[in-house]
Amino acid sequence: MKALMALVGANLKLVVRNRQTMVWSLAFPLMLMLLLGLFFGHASGSSTRVAVAGSGPYRAAVAQGLARVPGFSVSNTNPVKAVQEVRSGKADMAVVVGDGRPARLTVWQSGADVAVNGQDALVVRQVAAAVQAALTRTPPLFQITVRTVAGGGGHTYIDFLVPGILAMELMSNGLFSGLALVTYREQGILRRLRVTPMPTLLFLAARILVQLVVMVVQLALTLGVAVALFGYRPAGGAGAAAVAILLGALAFIATGFFVAGVARTADAASAIANLINLPMMFLGGVFFPTSGFGGAFGFLVRLVPLGYLASALRLTLSNGEGFGAVGTDLAVLALTLLLTTGLAARFFRWESRPA
Amino acid sequence: MALPAIEAVGLCKRYGARKALDGVSLTVAEGEILALLGPNGAGKTTFLEILEGLRLADEGRARVLGEDPATPRGRRRVQERIGVSLQSTSLFDTLTVAETLELFAALYPRRESAADLMARMGIADRARVRVGELSGGQRQRVVLALALVNRPDLVFLDEPTTGLDPVARRYVWDSIRDIAERGQTIVLTTHYMEEATRLARHVAIMDCGRIVAEGTPEGIVSALGLGVRVRVEAPGLTLAGEAVGVRSAVAGDDGWRIEADRAEPVVEWVFAQAREQGVDIRRLEVERATLEDAFVHLTGRDLA
């Protein structure tokens, strides 16, 4: 027990101190989700964040008018900060109201999404017109309201994307988990551990445990960002989701260990892992649904274990389904785990092959 | 009754068609230092691996500290009581020195305090430095400390000074002597003759999977009857007549190179001839055959 704790502790340090791995396993999926979410997820469900700043008698009226627009959330700040917030992505739009008459009203936008920007700018014009009408007591000729329309069926792209990203993270993390083993093998560290009386499987167990810890942190972080920035709301199915996550994580770690057994060097292991990673990412239905495809492509899609993990997570986390809905997915994942564990055990090596 | 620390009888190991070990028998007494000398591929590492329980021999048997490392139970017992230093790369680069020692200590039932070990190896000030940032010499002392972390009765050091500069090498030698003074048996492999002669009274020379000579460094040399080499710098000297035990006498530009069984008759002969001819002897050197000569003689190869 003491040995296992020491190994887990040491491996945690090794993982955390490997900056490259940390960046790839934590930052990359988040970046991907942010990009995809901002490009495709904006119009559906998430609100437009407007930073209002400036001075003069009309500022408060403009802010109130904007706040009344459905889908707009308004914060008040000063002009410099407002523009900074757009630049840093904290706000989607800054509206700076000036003094004088006519009062200069400047709209700053991030430029990330032209279509959405146009709509938002229109809304501002509309609000300004409404403010003018109210203050000058001219009765309006038209009353126009701009509303954002939620995606069909109550499901947004974010609902589709988040479980897919979670599944992808588990896969990438698992696939690349063998890299360190190859390095340790090349450097003779595994050999050094083998001349201690420690049962050698204990080292692998510690390594797997640490990998699972990293994965849990990664998933929590991703979910947190999805909830905070994209308004993602997990719908339930936590138990079934947890089982799917565990099965998927172990299956992909086993695949990573199998890769470590087959590859002679860490570079080769990295190349092989990428060779599995990239096609799986696209065939697995992470970014777009692949379930509707038929023919050869559809057949290929059904062979990809990642698809079953993504599907299970979608059904549970986004749709709130329980074990009943994901039985097939879990069975496929369990089968994959058995197969990959067998392969990993068959090909595992403690020592470098002589060149 | 003092059981030998190691008793190997007729160990054989082949990798495919190549015989890595071809009948190695060797006994190491408790408390002594054995130096295994041999070129790359001689079988030194394979021999150690069998004793350490990393490999199974095809033939023969071994007892290490009274246990059989070929059985699972014996292997665990052996590994609890041996200390091992592999090549200097076998460390986690991103763990600190102290973390490394504590990790390995946790893997053994019997353990030495990390702080004591670091002090003994002169790396106490490096405790919080990551292993990857150490110099080659410091790193090697971590490897040595790691070999002592379970207070072993027997320590295997595989090429402990390969790749180190002369100063670092001397540090490591001091540490090895320090280990020996505590009564721990040491088996080390090396390419360096000087290392073997300085550290060990028991030397075994391996070549092509066999032990080709064994004994004290002097014993190995004298058993081979390699004799002495006398270099004389005396321009114009001619050597007439004969002396006892001269094997060859070759004239050079400004003197002679003489190989002989013993030095004294040759020296007397050279002086007598010089006096007769009125020639000045500028320099006269007597070289005894070294372990290196013995090695070249035995294997037909240079060591380094």
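Laboratory data are not the source of any read-out in this text; all were calculated from the coordinates shown. These figures come from a predicted structure and were not determined experimentally. For neighbour counting, all protein chains shown are included, and Cβ atoms are generated from backbone atoms with ideal geometry for every residue, glycine included.
Round to the nearest 10 and give me the degree value, 0 to 90, for the angle of helix B:166-181's Cα axis relative to the longest principal axis of chain B.
With rounding to tens, the tilt is 70 degrees.
Describe numerically, in nm with one decimal, the distance between label points set 7 Å from Cα along Cα→Cβ at A:Thr138 and at B:Cys208.
In this crude spin-label approximation the distance works out to 10.9 nm.
I'd like the orientation of helix A:114-135 relative to chain A: the angle between its Cα long axis and the longest Cα principal axis, in ° from 0 to 90, rounded to 10.
30
About the Cα centre of the protein assembly as shown, what is the dipole size in debye to 20, counting +1 per Lys and Arg Cβ and -1 per Asp and Glu Cβ, all else neutral? Intermediate values should be presented prior to the final figure.
Working: 66 positive and 57 negative charges, 653 e Å.
Once rounded to the nearest 20, the dipole reads 3140 debye.
Counting helices only, and only those DSSP H runs with n ≥ 4, report the 222 nm mean residue ellipticity of the protein assembly as shown as the sum of -39,500 (n - 2.57) divided by its residues, in deg cm²/dmol to the nearest 500.
Working: 25 runs with 320 residues, N = 659.
My calculation for the protein assembly as shown gives -15500 deg cm²/dmol from helical runs alone.
Expressed in nm to one decimal, what extension gain is obtained for the pair A:Val217 and A:Val23 from 0.36 nm per residue of sequence separation less their Cα-Cα distance?
Details: separation 194, 0.36 × 194 = 69.84 nm, distance 1.32 nm.
So the chain would gain 68.5 nm between A:Val217 and A:Val23.
Kindly state, to the nearest 0.05, the FRET efficiency for A:Leu202 paired with B:Arg61, given R0 = 41 Å and r defined as their beta-carbon distance.
Values: r = 29 Å, r/R0 = 0.70.
So the FRET efficiency works out to roughly 0.90.
Based only on the alpha carbon positions, what is the Kirkwood hydrodynamic radius of region B:227-288, in angstrom?
Working: mean 1/r = 0.0888 Å⁻¹.
Kirkwood hydrodynamic radius for region B:227-288: 11.3 Å.
Under 1.5 on a/c is rounded, so check that first for region A:48-97, then, if it is not, pick prolate when a/b is larger than b/c and oblate when it is not; a ≥ b ≥ c are the square roots of the alpha carbon gyration tensor eigenvalues.
Details: a/c = 3.03, a/b = 1.14, b/c = 2.66.
Verdict is oblate for region A:48-97.
In terms of the Cα gyration tensor, with a ≥ b ≥ c the square roots of its eigenvalues, is region B:76-118 rounded because a/c is under 1.5, prolate because a/b exceeds b/c, or oblate?
Details: a/c = 2.01, a/b = 1.28, b/c = 1.58.
Note, shape of region B:76-118 comes out oblate.
Note down the net charge around B:Val228, summing +1 for each Lys or Arg and -1 for each Asp or Glu among other residues with Cβ under 13 Å from its Cβ. Intermediate results must be reported in sequence, preceding the final value.
Details: positive: B:Arg229, B:Arg231, B:Arg247, B:Arg257, B:Arg262, B:Arg288; negative: B:Glu259, B:Asp261, B:Glu264, B:Glu285, B:Glu287, B:Asp293.
That sum, taken over residues with Cβ under 13 Å, equals 0.
Run the numbers on region B:6-222 and let me know its relative contact order in percent, using alpha-carbon pairs under 8 Å that are six or more apart.
Values: 441 pairs, mean separation 63.3, N = 217.
After rounding, I find 29 percent.
Evaluate E = 1/(1 + (r/R0)^6) for A:Leu303 and B:Cys12, where r is the Cβ-Cβ distance and R0 equals 45 Å; express this FRET efficiency to the nearest 0.05.
Details: r = 49 Å, r/R0 = 1.08.
With a Förster radius of 45 Å, E is 0.40.
Considering the dipole of the protein assembly as shown built from charges on the beta carbon (Lys and Arg +1, Asp and Glu -1) around the Cα centre, which of A:Val195, A:Gly342, B:Leu117 is farthest to its positive end?
A:Gly342
What percent antiparallel are the DSSP beta bridges of the protein assembly as shown, to the nearest 5? Mind dumping the intermediate values first?
Values: 42 of 70 bridges.
Here the antiparallel bridges make up roughly 60 percent for the protein assembly as shown.
Which of rounded, prolate, oblate describes region B:2-82, given a ≥ b ≥ c as roots of the alpha-carbon gyration tensor eigenvalues and a/c under 1.5 marking rounded, otherwise prolate only if a/b is larger than b/c? Spell out each step's value before the answer.
Values: a/c = 1.89, a/b = 1.31, b/c = 1.44.
Verdict is oblate for region B:2-82.
Let me know the charge dipole size of region A:273-355 about its Cα centre in debye, to the nearest 20, where only the beta-carbon of Lys, Arg (+1) and Asp, Glu (-1) is charged.
Working: 5 positive and 3 negative charges, 52 e Å.
Here region A:273-355 has a charge dipole of around 240 debye.
Among A:Asp99, B:Asp207, which comes first, second and so on when ranked by fewest other beta-carbon atoms within 10 Å? Numbers along the way, then the final one.
Working: A:Asp99 12, B:Asp207 19.
Result, fewest neighbours first: A:Asp99, B:Asp207.
With N residues in chain B, what two-decimal value do you get for its Cα radius of gyration over 2.2 N^0.38 Å? Walk me through the numbers on the way to the answer.
On the way: Rg = 23.8 Å, N = 304, 2.2 N^0.38 = 19.3 Å.
Compared with the compact-globule rule of thumb, chain B sits at 1.23.
Kirkwood hydrodynamic radius, computed over distinct alpha-carbon pairs, for chain A: how many Å, to one decimal? Don't jump to the answer; show the numbers that get you there.
Values: mean 1/r = 0.0430 Å⁻¹.
For chain A, the Kirkwood estimate is 23.3 Å.
What would the Debye equation give as log₁₀ I(q)/I(0) for region B:201-304 at q = 0.10, 0.12, 0.14 Å⁻¹, counting only Cα atoms as equal point scatterers?
Debye intensities relative to I(0), on a log10 scale: -0.36, -0.49, -0.62.
Can you tell me the 0 to 90 degree angle between the C-alpha axis of helix A:266-283 and the longest principal axis of chain A, rounded to 10?
Approximately 50 degrees, to the nearest 10.
Can you pull the Rg over Rh of the protein assembly as shown, Cα-only, Kirkwood? Please list the in-between numbers first.
On the way: Rg = 38.1 Å, Rh = 31.2 Å.
The Rg/Rh ratio comes out at 1.22.
How big is the gap, in Å, between the Cα center of region A:268-300 and the Cα center of region B:235-302?
80
How big is the Rg/Rh ratio for region B:21-135, C-alpha atoms only, Rh by Kirkwood, two decimals? It would help to have the intermediate numbers written out before the result.
Numbers: Rg = 16.7 Å, Rh = 16.4 Å.
Answer for region B:21-135: 1.01.
Quick check: residue separation of B:Asp125 and B:Ser248 times 0.36 nm, minus the Cα distance between them. What number comes out in nm? Can you show the working numbers first?
On the way: separation 123, 0.36 × 123 = 44.28 nm, distance 5.74 nm.
Gain on stretching B:Asp125 to B:Ser248: 38.5 nm.
Give the cross-link partners of B:Lys19 among the lysines, using a straight C-alpha distance below 19 Å as the criterion and excluding same-chain residues fewer than 8 apart.
Cα-Cα hits under 19 Å: B:Lys44.
If you take every residue apart from B:Asp254 with its C-beta less than 12 Å away from the C-beta of B:Asp254, what net charge results, scoring Lys and Arg +1 and Asp and Glu -1?
Numbers: positive: B:Arg231, B:Arg257, B:Arg282, B:Arg283; negative: B:Glu233, B:Asp253, B:Asp280.
Local net charge: +1.
Counting only DSSP beta bridges with both residues in region A:48-135, tell me the antiparallel percent, nearest 5. Kindly include the intermediate steps, with their values, before the conclusion.
Details: 5 of 15 bridges.
Expressed as a percentage, antiparallel bridges in region A:48-135 total about 35.
How high is the relative contact order of chain A? Use alpha-carbon pairs under 8 Å, at least six apart in sequence, and give a whole percent.
Relative contact order, chain A: 20 percent.
Give me a single rounded figure for B:140-150: the average over its residues of other chain Cβ atoms within 10 Å of their Cβ.
Details: counts 0, 0, 0, 1, 0, 0, 2, 2, 0, 1, 2.
Neighbouring Cβ atoms belonging to other protein chains average 1 per residue here.
Which whole-number percent gives the relative contact order of region A:285-337, counting Cα pairs below 8 Å spaced six or more residues apart?
Numbers: 32 pairs, mean separation 16.5, N = 53.
Computed value for region A:285-337: 31 percent relative contact order.
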